[in-house]
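The values are calculated or read from the model by the stated rules, or taken from the named source; none is laboratory data. The structure presented is a predicted model; accordingly, all values stated were derived computationally and were not measured. Please note: Cβ atoms are built from the backbone with ideal geometry, for glycine as well, and neighbour counts cover all protein chains shown.
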Amino acid sequence: MDKFEILKKYFGYHSFRDSQETLIDSILAGKDTLGIMPTGAGKSLCFQIPALLMEGITLVISPLISLMKDQVGALNQAGIHAAYLNSSLTVNQYYKALGLAKQGRYPIIYVAPERLVTEEFLDFALNQRIAMVAVDEAHCVSQWGQDFRPSYLKIVEFIRRLPKRPVVSAFTATATKEVRDDIMDILMLQDPTVVTTGFDRKNLYFGVMAPKDRYGSIRNYLECHPGESGIIYCLTRKVVEEVCGRLRQDGFVVTRYHAGLSDQERKENQDDFIYDRAPVMVATNAFGMGIDKSNVRFVLHYGMPKNMEAYYQEAGRAGRDGEPAECILYYAGQDVITNQFFIDHNQDNQELDEFTRALVQERDRERLRKMTFYCFTNDCLRDYILRYFGEYGSNYCGNCKNCLTQFETVDVTKQAEILLGCVRTCRQRYGVNVIIDTVRGANTAKIRQYRMNENPYYAALAKEPSHRLRQVLNYLMLQEYLAVTKDEYAIVKLTGNSRRILEEGETVVMKMAKEQEKAVQGKEKKERKSSALAGNLSEAGEALFEKLRTLRTRIAREEKVPPYMVFSDKTLLDMCRKKPQNKTEMMSVSGVGEFKYDKYGERFLECIKEAAGEES
Ligand code: ADP
Ligand code: MG
């Protein structure tokens with residue numbers, strides 16, 4: 001088999017995503033490999049597929065038990081033998097798994113980092129052919145990252161003890177340079193192939209609201225999104241209790257998670273969420289790392305997190321399946337004060353000396369400031385996020401609240417004609433301010449001195465506010481209808497394109513910030529609802545989607561696996577679109593591989609046929 005056949009047969013996908021192929025090929029060529037891709041980009045396949053093609057065992061290092069369980073569960077579901085070795089196993093289970101591993105049953109084994117250099121494990125590993133060590137969530141080696149795990153430092157020691165050095169691959173969603181350098185240095189990657197993909201998550205909608213009644217807004221949101229799975233993040237345990245309690249009183253099925261609950265309850269609640277028994281989780285930031293649930297449709301923040309890193313990571317848990325999902329932050333002024341308090345009373349930095357501690361505090365304050373700006377900006381929210389992480393977006397994404405409500409498409413042909421006309425008639429001698437003052441009909445000494453009050457375009461746009469004219473002028477420059485000299489006078493000049501507007505009647509449309517936010521909120525509610533997950537399906541399609549979802553839940557209960565491991569939302573949606581009638585057609589649905597077809601295919605085909613019968 002080759003990588004394409006494995007992709008189709010086990011995972012049911014038809015093509016690789018950007019960069020997955022590069023990473024896989026690099027590993028198969030025997031090179032160390034580092035993949036930096038955002039959450040949901042599909043990093044797991046990048047080490048799982050080579051693992052199935054390489055001679056020998058792949059060890060996957062992962063920081064959390066829940067993560068391992070989730071991924072091993074998904075592999076088993078797809079018909080791949082995989083196991084995990086961590087402290088959640090009893091001694092008996094552990095030795096049993098290790099025994100099977102010795103017999104060569106598992107091409108992929110997930111191992112907790114603290115196990116690596118234990119005697120039993122070394123005894124196993126030193127006598128096997130280890131083809132690859134894949135380090136997932138590799139930022140955990142870095143003290144710069146938010147999730148530093150000292151046990152990750154054991155990985156290199158382990159690799160060093162192996163008789164033959166395996167391929168080492170590492171994966172993370174943390175992009176900063178410090179973390180990347182740490183991963184390469186600490187894991188001692190040898191001349192690695194490094195692939196970094198953009199951090200934009202196009203399927204995520206971003207929004208910020210500052211409602212008077214925060215709880216009411218959140219409740220409203222849940223009412224508009226029945227049956228969808230989502231997370232509501234709160235700043236403190238107290239708020240989690242409060243919000244969770246009120247939502248229950250109001251009849252929603254929600255559960256909660258924070259560090260104040262017993263291990264037992266946290267585990268139960270997390271399972272309720274993962275298995276869709278409680279579709280909505282109310283939690284502090286203690287909840288999340290290791291939640292690979294692919295069908296999270298919204299992440300709401302009841303309160304502003306401490307920095308953009310935390311926000312993007314938490315919000316990023318929405319829409320891992322690539323289908324539309326929403327991330328909305330509900331802000332209140334109090335949030336800044338709460339976060340200030342956290343910074344001032346941070347217990348994590350006790351061991352630092354006074355000077356370093358002050359430095360860290362200052363850095364945290366700066367991050368908080370940037371987070372606060374996010375809540376206030378009228379610019380494209382996605383652009384703000386990407387710029388924060390050092391990328392450049394376009395200033396209009398069309399899928400965030402600001403773009404959808406603060407911007408509108410405006411025909412500015414008339415303004416453009418007048419501005420260009422003014423530049424031409426003053427014989428291209430003046431700068432931006434004079435041009436704008438002229439068309440607005442300003443009566444200043446300078447305008448009179450330049451005799452621009454006699455210009456044919458004087459006061460031709462008297463009613464237009466100057467900041468809007470400035471936007472139009474900027475746009476005209478961006479589109480090269482006008483240019484500005486680069487000397488200190490910054491004189492506005494015509495370009496080769498100018499005559500297309502002045503003589504050929506070309507129209508100019510641009511996205512412009514709206515003047516005032518008028519009753520946007522109510523309107524948004526309706527608009528947003530229709531763009532929710534099943535929203536791009538017809539009514540009959542939505543009904544079918546519900547049926548398939550019910551069937552999925554039934555199967556999940558029978559097999560005691562989370563519903564999304566049977567099929568993802570994305571796969572169900574694809575079924576609704578394609579309405580497969582037979583095995584071949586079903587196999588063309590994204591996410592339906594051979595193994596899963598054999599297990600579930602017939603039942604889903606049946607369900608689709610039934611639904612078609614009811615419809616006609
Ligand atoms: P990451 O670890 O990068 O956050 P995952 O490996 O958990 O992401 O993958 C996220 C989702 O994308 C999973 O549901 C996975 O099955 C899906 N996926 C991965 N690769 C592909 C692909 N080539 N085509 C379609 N879906 C994919
Ligand atoms: Mg992952």
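Quick notes
- Of the residues making up region 252-279, those that are in contact (Cβ under 8 Å) with a residue 12 or more places away in the chain, outside any loop (DSSP other than H, G, I, E, B) and more than 18 Å from L235 (Cβ to Cβ) are T255, N269, Q270, D272, F273, I274.
- Condition met for L67 (more than 15 Å from ligand 2 (Cβ to nearest atom) and under 30 Å from Y312 (Cα atoms)): no
- In region 54-65, residue farthest from A101 (Cα to Cα) [restricted to those that are surrounded by fewer than 18 Cβ atoms within 10 Å (Cβ to Cβ) and not acidic (D, E)]: I65
- Among the residues of region 368-408, those that are of a type in the set (D, E, K, R), more than 30 Å from R500 (Cβ to Cβ) and surrounded by 19 or more Cβ atoms within 10 Å (Cβ to Cβ) comprise R382, K401.
- Residues in region 112-148 that are touching a residue at least 12 places away in the same chain (Cβ under 8 Å), of a type in the set (D, E) and more than 16 Å from ligand 2 (Cβ to nearest atom): E114, E120.
- Residues that are charged (D, E, K, R) and in a loop (DSSP other than H, G, I, E, B) within region 447-467 comprise R451, K463, E464, listed in sequence order.
- Number of the exception - F11 against (1) within 24 Å of H139 (Cα to Cα); (2) within 16 Å of ligand 2 (Cβ to nearest atom): (1)
Results for (1) at pLDDT below 95; (2) closer than 28 Å to H139 by Cα; (3) among the small types (G, A, S), shown as yes or no for each residue.
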{"position": "G245", "(1), (2), (3)": "no, no, yes"}
{"position": "R256", "(1), (2), (3)": "no, yes, no"}
{"position": "A283", "(1), (2), (3)": "no, yes, yes"}
{"position": "G288", "(1), (2), (3)": "yes, yes, yes"}
{"position": "K293", "(1), (2), (3)": "yes, yes, no"}
{"position": "N307", "(1), (2), (3)": "yes, yes, no"}
{"position": "D321", "(1), (2), (3)": "yes, yes, no"}
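- Filter result for D411 (surrounded by fewer than 16 Cβ atoms within 10 Å (Cβ to Cβ) and of a type outside the set (A, V, I, L, M, F, W, C)): yes
- Those helices (runs of 4 or more DSSP H) of region 537-616 in which at least 1 residues are under 19 Å from F273 (Cβ atoms) and aromatic (F, W, Y), considering only elements entirely within it, cover 563-566.
- Looking only at region 197-226, and only at residues there that are out of contact with any helix residue (DSSP H, G or I) (no Cβ under 8 Å at 6 or more places or on another chain) and not in a loop (DSSP other than H, G, I, E, B), the one that is farthest from Q334 (Cα to Cα): E223
- Looking at region 352-438, the helices (runs of 4 or more DSSP H) lying wholly inside it that each contain 1 or more residues that are under 23 Å from the mean Cα position of the chain (by Cα) and farther than 16 Å from R468 by Cβ sit at 354-376, 381-388.
- Screening K43 with (1) in contact with a strand residue (DSSP E or B) (Cβ under 8 Å, 6 or more places away or on another chain); (2) more than 10 Å from ligand 1 (Cβ to nearest atom) gives one miss only, at (2).
- Out of T571, T584, T550, sole residue that is under 24 Å from the mean Cα position of the chain (by Cα) and among the hydroxyl-bearing types (S, T, Y): T571
- In region 125-144, the condition of being surrounded by fewer than 21 Cβ atoms within 10 Å (Cβ to Cβ) and within 28 Å of the chain's Cα centre (by Cα) is met by at least one residue.
- In region 26-45, of all residues being more than 13 Å from the chain's Cα centre (by Cα) and either free of Cβ contacts under 8 Å to residues at least 40 places away in the same chain or not assigned by TED's automatic domain parsing to the domain that holds E137 (or both), the one that is nearest to ligand 2 (Cβ to nearest atom) corresponds to L45.
- The one condition in (1) of a type in the set (S, T, N, Q); (2) touching a Cys at 6+ places or on another chain (Cβ under 9 Å); (3) within 16 Å of ligand 2 (Cβ to nearest atom) that S151 fails to fulfil: (3)
- Inside region 46-64, residues that are modelled with pLDDT of 95 or more and within 13 Å of ligand 2 (Cβ to nearest atom) make up a count of 5.
- Of the helices (runs of 4 or more DSSP H) lying entirely inside region 58-167, those containing at least 2 residues that are touching a strand residue (DSSP E or B) at 6+ places or on another chain (Cβ under 7 Å) and under 29 Å from F273 (Cα atoms) span 65-77, 91-102.
- Subset of region 1-53 that is of a type in the set (S, T, Y) and within 18 Å of Q190 (Cα to Cα) - its residue that is surrounded by the most Cβ atoms within 10 Å (Cβ to Cβ): T33
- Residues of region 164-178 classified as within 16 Å of ligand 1 (Cβ to nearest atom) and either within 16 Å of I130 (Cβ to Cβ) or modelled with pLDDT under 95 (or both), total: 6
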